[in-house]
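Quick notes on the structure that follows.
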Amino acid sequence: MAQEIEQEQITAKKKPNRVMPVILGLLLLVGVIFGVKEYIYYSNHEDTDDAQVDGDISPVVARVGGYVDSILFEENQHVSRGQLLVKLDDRDYKVKLEQAMAAQKGATASIGVSQSQIYTTSANSSSAKAQVETAQIKLLQANRDYDRYANLIKDGSITKQQFEQAQVARDAAMAAYQAAKDQYKAAQEQVSGTRNQLNVTNTGVSLKEADVDYAKLQLTYTNIVSPATGIVSKKNIQRGQLVQPGQTLFSIVNNSNLFITANFKETQLVNLKTGEKVNIEVDGLPGQKIEGEVYNFSPATGARFSLLPPDNATGNYVKVVQRVPVKIKIKAGKDIMEKLRPGMSANVSVIYKN
């Protein structure tokens, strides 16, 4: 009996083991299929998991200072472009506008005064001109009388006293004529000076009008409106708070203009072109396939835009593969776009043509 059992064991050991070759064959076949599949896939795909959802985030900054009178929105509320969100206390700016308008009225009234002065000086100039013409006629007559008396005194027809009177009359007429011309010249200069004063006054009125426009503009800045359509976020103001010009009050996330920023290695850019189809998977939307399109490429690597860009001329040089940001447009419906948020991580796969 023992010999029979031992004989069966020897016989079992001599039988060939056919399971292991089958398993190894199957593993080899799976490996070949997987390798071929991966080769085919990566022959026209470029993948990266260094990608995220991006969008336009508009910080809203106060242009004028003042106390917050009212806040007309809630955190994370959807708002439209031009919608009134914050109102500052505008009483000080209304007073400044009234002051500017009063100054403008005063400057405008001074124009009328200057114009009246121009009319007056012009009338004086016309009168002075008439006096010059009158004095000129009198001088002409006095010269004629003098010449006539000069001829008469030679033959003794008149007395010396009469001749001297004619001479005095001529000199007086000459002096009166010169005085009239000087007065006319002064009147003309006065008219010119008044016109220059009117030009100065007009310039002053223009400045006052500019002050009024500036005051109106400052008053409008007390109403803070949304610069874009999107969602309000990062609200850091409260009612009654004093804000300063240039202070950031909140931000608007434009969720209608979202895109993907994918940071590809520089060695992956060889086959990438604008317009190529992209498959997108966002970590926040597992299982959701999103299509996209390569839009453009960054003009420099991400390291060049960093706060401290690397300088290979200093220290020991170690070659590091750089990454270039690529902007990808998202082609998805409204329901998906509303779920996306800037900063979400994503995986992208660009399908290119050889």
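The values are calculated or read from the model by the stated rules, or taken from the named source; none is laboratory data. Computed from a prediction, not measured in an experiment: that's the story for all the values here. Ideal geometry is used to build each Cβ from the backbone, glycine not excepted, and the neighbour counts take in all protein chains shown.
Being polar (S, T, N, Q), outside any strand (DSSP E or B) and under 26 Å from the mean Cα position of the chain (by Cα) is the filter here, so list the residues in the stretch 238-270 that pass it. Talk me through it step by step, then tell me what you get.
Keep residues of the stretch 238-270 that are polar (S, T, N, Q), which gives 238, 241, 244, 247-248, 251, 254-257, 261, 263, 267-268.
Adding the requirement that they be outside any strand (DSSP E or B) leaves 238, 241, 244, 247, 267-268.
Those that are polar (S, T, N, Q), outside any strand (DSSP E or B) and under 26 Å from the mean Cα position of the chain (by Cα): Q244, Q247.
Mind checking which residues of the stretch 73-99 are in contact (Cβ under 8 Å) with a residue 24 or more places away in the chain and among the β-branched types (V, I, T)?
Residues satisfying the conditions are V79, V86.
Select, from K273, K235, the only residue that is more than 23 Å from Q52 (Cα to Cα) and not in a strand (DSSP E or B).
Values: K273 fails: more than 23 Å from Q52 (Cα to Cα).
Unique residue meeting the criteria: K235.
In the stretch 228-255, how many residues are touching a Ser or Thr at 6+ places or on another chain (Cβ under 9 Å), farther than 12 Å from P59 by Cα and surrounded by fewer than 18 Cβ atoms within 10 Å (Cβ to Cβ)?
2
Let me spell it out: the conditions are (1) touching a residue at least 12 places away in the same chain (Cβ under 8 Å); (2) of a type outside the set (D, E); (3) surrounded by fewer than 17 Cβ atoms within 10 Å (Cβ to Cβ); (4) farther than 27 Å from M101 by Cβ, and L258 meets all of them except one. Which number is the exception?
(3)
Residues being touching a helix residue (DSSP H, G or I) at 6+ places or on another chain (Cβ under 7 Å) and within 24 Å of Q244 (Cβ to Cβ): count how many of those fall in the stretch 73-104. Quick ask: steps written out before the conclusion?
Step one: filter the stretch 73-104 for residues touching a helix residue (DSSP H, G or I) at 6+ places or on another chain (Cβ under 7 Å), giving 90, 93-94, 96-97, 100-101, 103-104.
Next, only the ones that are within 24 Å of Q244 (Cβ to Cβ) stay: 90, 93-94, 96-97, 100.
The qualifying residues number 6.
Regarding V350, is this residue surrounded by 17 or more Cβ atoms within 10 Å (Cβ to Cβ), without any contact (Cβ under 8 Å) to a residue 60 or more places away in the chain and not in a loop (DSSP other than H, G, I, E, B)?
On the way: surrounded by 17 or more Cβ atoms within 10 Å (Cβ to Cβ): yes; without any contact (Cβ under 8 Å) to a residue 60 or more places away in the chain: no; not in a loop (DSSP other than H, G, I, E, B): yes.
Judged against the criteria, V350 is not a match.
Per-residue answers, yes or no, for (1) modelled with pLDDT of 90 or more; (2) under 60 Å from the mean Cα position of the chain (by Cα); (3) not hydrophobic (A, V, I, L, M, F, W, C):
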{"position": "N143", "(1), (2), (3)": "no, no, yes"}
{"position": "R148", "(1), (2), (3)": "no, no, yes"}
{"position": "N151", "(1), (2), (3)": "no, no, yes"}
{"position": "K160", "(1), (2), (3)": "no, no, yes"}
{"position": "Q167", "(1), (2), (3)": "no, no, yes"}
{"position": "E189", "(1), (2), (3)": "no, yes, yes"}
{"position": "G193", "(1), (2), (3)": "no, yes, yes"}
{"position": "Q197", "(1), (2), (3)": "no, yes, yes"}
{"position": "V205", "(1), (2), (3)": "no, yes, no"}
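A176 - would you say it is among the aliphatic types (A, V, I, L, M), part of a helix (DSSP H, G or I) and in contact (Cβ under 8 Å) with a residue 40 or more places away in the chain? If you could, list the steps in order and put the result at the bottom.
On the way: among the aliphatic types (A, V, I, L, M): yes; part of a helix (DSSP H, G or I): yes; in contact (Cβ under 8 Å) with a residue 40 or more places away in the chain: yes.
Yes, satisfied.
Being closer than 30 Å to Y184 by Cα and aliphatic (A, V, I, L, M) is the filter here, so list the residues in the stretch 132-167 that pass it.
V132, A135, I137, L139, L140, A142, A166
Mind checking which pairs have a first residue in the stretch 140-156 that is assigned by TED's automatic domain parsing to the domain that holds A176 and a second that is outside any helix (DSSP H, G or I) and surrounded by fewer than 16 Cβ atoms within 10 Å (Cβ to Cβ), Cβ under 9 Å, 6 or more apart or different chains?
Going by the 9 Å Cβ cut-off, the qualifying pairs are N151/S157; I153/T159.
Go through the stretch 79-110 and give me each residue that's exposed (fewer than 15 other Cβ atoms within 10 Å of the Cβ) and in a strand (DSSP E or B).
L84 - this is the single residue of the stretch 79-110 that is exposed (fewer than 15 other Cβ atoms within 10 Å of the Cβ) and in a strand (DSSP E or B).
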